[in-house]
Amino acid sequence: ALLSALTLPALLELDLVINRAEWDIEMSAFFARSQPILRQLSLQMPHTENRESGLLRIFALTPHLRRLRLFDCLEDPLPFNAVLIRGLNPSSPPGAPLCPRLQRLHLSRVSDCSDGICAAMLRARWGAQAHANGVACLEWAHIEFEGGVHDCDKTGMEDLSAEGLKGGIYLRYSGWHQGSWHHTGRVAAVMGEFGLGEV
């Protein structure tokens, strides 16, 4: 309810832990009202029926975002799904690409995605394809998968890594991570690369 009382056009960074089911309506209204030049957004939120579509509406209102970090709620965990990944792919029609200035991306817990969909989204934001799609080139990406088979994502990320993209993709099984494919200790270390100053 706090956001409904605020108008912050000078807001550059926002870090929120959300526990309200109506968060997307309140946040959309806040951003539409404030129209800030928001450059960094970090959200931890519960699962709601239209969580991913709500996030995409918010991204449409925050075109200056350069750093994005999304977490599900620890008390009500449910991974993000393909709706979010497709929405972040600038080559997916219709309309102008979301987050056209995005340079750093962290998605915690992604599931229900076809193998390769995440790598395709990252590729569309990298190098010549980023230029062709009218978006900034990614500098760093960290995506955690909740199980499943992601051989194409793995290969795609390895190719992007060889070309200079920093970060990695990780598989989570029973609280353990294997990424890019490195030991779980890499996950904690890589968080500092996001540039937030703390994990």
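What follows draws every value from the coordinates through simple rules; no lab data is involved. What you see is a predicted model; the values in this text were computed from it and never measured. Reconstructed Cβ throughout: ideal geometry from the backbone, glycine too, with neighbour counts over all protein chains shown.
Summary of computed values
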read-out	value
Residue-span extension gain [Ala162 to Asp115] - 0.36 nm each, minus C-alpha spacing	14.9 nm
Where labels lie 7 Å past Cα in the beta-carbon direction, separation of Ala32 and Gln129 in nm	3.3
Cα gyration tensor category, rounded, prolate or oblate, for region 25-117 with a/c compared to 1.5	oblate
Low-density loop positions, GluC sites (Glu not before Pro), region 6-92 - DSSP coil, at most 14 other Cβ in 10 Å	Glu22, Glu49, Glu75
Leu16-Ala60 pseudo-label distance in nm [points 7 Å out on the Cα-to-Cβ vector]	1.8
Computed lengthening from Ile25 to Leu6, 0.36 nm per intervening residue step minus Cα-Cα distance	5.4 nm
Simple Cβ-charge dipole of region 11-122, Lys/Arg +1 and Asp/Glu -1, about Cα centre, in debye nearest 20	600
Amide proton proximity set for Ser114, modelled H, under 5 Å, gap of 5+	none
Note, ³J(HN,Hα) from phi for region 103-108, Karplus 6.51, -1.76, 1.60, rounded to Hz, x at Gly and Pro	10, 9, 9, 10, 10, 9
Derived scalar couplings ³J(HN,Hα) [region 18-29; Karplus, 6.51 cos²θ - 1.76 cosθ + 1.60; whole Hz; x for Gly, Pro]	10, 9, 10, 5, 8, 4, 5, 5, 5, 5, 4, 5
Length added when fully stretched, Cys137-Glu49, from 0.36 nm per residue minus Cα-Cα	28.5 nm
For Gly168, residues with placed amide H under 5 Å, excluding near neighbours	Ala141, His142, Ile143
Shape of region 51-178, Cα gyration tensor, a/c cut at 1.5	oblate
Backbone HN-Hα couplings from phi across region 130-146 [Karplus 6.51/-1.76/1.60, Hz, Gly and Pro as x]	4, 4, 5, 8, x, 10, 5, 7, 4, 9, 7, 9, 9, 10, 10, 9, 9
